[in-house]
Structure formats: structure tokens, C-alpha cells
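This report refers to the structure that appears directly beneath it.
Each reported figure results from applying straightforward, stated rules to the coordinates on display, with no laboratory input. Here the structure is a predicted model, which is why all the values come from computation and not from measurement. So basically every Cβ, Gly included, is an ideal-geometry build from the backbone, and we count neighbours across all protein chains shown.
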């Protein structure tokens with residue numbers, strides 16, 4: 001089983017996954033597509049962080065990195081359930097680009113997608129903190145809202161094309177435990193119905 005967990009940078013995906021795994025009744029391998037891609041980029045393109053991937057590499061090189069990562073994920077899925085922390089929409093130097101193009105979606109065919117959302121103001125504040133820790137860029141509130149809406153829209157393609165079950169969870173400030181339990185409940189129900 002493959003579950004994608006997605007949302008804009010700073011929404012709290014990774015925190016919800018780390019907290020939510022405690023409540024999931026089944027074994028899952030948690031992977032970060034960004035980490036997988038970064039590892040490949042470091043080896044092949046002398047890249048130091050995720051933001052450099054979108055700033056320094058051509059779209060073609062980014063797609064090649066993603067293809068390698070998709071194959072890696074599918075190899076692991078043969079033997080394990082996977083929660084894949086990823087982005088469906090990425091803001092590149094040229095504008096918004098898909099995090100998973102159709103070719104990659106055809107490979108992955110996830111059973112479920114969890115979209116984590118939050119108030120753009122809260123995301124903006126989290127990104128301010130991340131700017132120092134992870135070297136992230138800061139965008140304006142409208143761009144955050146647009147990217148969040150595009151992410152939700154993108155999941156409809158998976159629903160219609162691959163019969164993927166989608167859940168949207170709002171990560172409200174100070175309510176990580178509630179959001180994490182909703183996340184786990186969705187996965188427990190989904191895998192229980194397979």
C-alpha cells in the first residue's frame with residue numbers, strides 16, 4: 001500500500017506523519033520523496049539543499065531526478081507499506097510545476113492521498129522559522145494560498161484516474177495531536193478496507 005502525504009512547504013506534513021504513526025495499526029515505512037531526490041541530486045549534480053534543486057537545475061534534470069526516485073519508491077513498495085511525504089505542486093524558478101507528473105503518477109498509483117492544509121498566515125510564520133533552519137525562501141501569502149489550492153485540485157486527477165481515496169486534514173495551530181489522529185484514522189480505515 002502506498003499513501004502520499006502532501007501539502008505546501010511549512011504546512012506541517014512531517015510533524016503530522018511523525019506524530020500520527022503512533023496511532024496507525026499497521027507497519028509503514030516512512031519515506032520523504034524530497035530526501036530521496038536530494039540524495040540523488042547531491043551525488044549527480046553537486047546540489048546542497050532542496051531549494052537549489054528548483055533554482056539551479058533545469059526542469060528536465062528535475063524530472064530525471066524524480067523518475068529515479070519513483071523507481072526507488074516502487075521497489076520498496078513491493079515488500080512494504082509506504083507513507084510518502086511529498087509535494088504535488090512545487091514552486092520552481094519558472095513558476096508552479098507538478099511534483100508528480102502523469103508519467104510518475106502512472107508508476108506510483110497511490111491507494112490514498114492525505115492533503116495537509118493550514119491557514120496561509122500560519123504557514124508563513126512557520127516558513128520564517130524554517131528560513132533559518134533549512135534555508136527556505138519566503139513567498140507571499142497569496143502564493144501560499146494558490147499553491148495550497150493547486151495541491152487540492154491536483155488530487156482530483158488521482159481520484160478520477162487511479163481511484164485514489166483522498167482526505168484533507170486541516171493542521172490548526174496547537175492541535176497537532178488532533179490532526180495526527182485524523183491522519184492515522186484515515187490510514188487505518190483505508191488499509192482495513194483493502
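Brief remarks follow.
- Helical contribution to [θ] at 222 nm, DSSP H n ≥ 4, -39,500 (n - 2.57), averaged over the chain, rounded to 500: -18000 deg cm²/dmol
- Distance between the 7 Å Cα→Cβ label points at residue 68 and residue 45: 1.0 nm.
- Residue exposure sequence - 152, 83 - by fewest surrounding Cβ within 10 Å: 152, 83
- Efficiency of FRET between residue 163 and residue 14 - r from beta-carbon atoms, R0 30 angstrom, step 0.05: 0.65
- Matching label, volume of the Cα convex hull per residue in Å³ computed from the structure shown, candidates (1) 152; (2) 110; (3) 123: (2)
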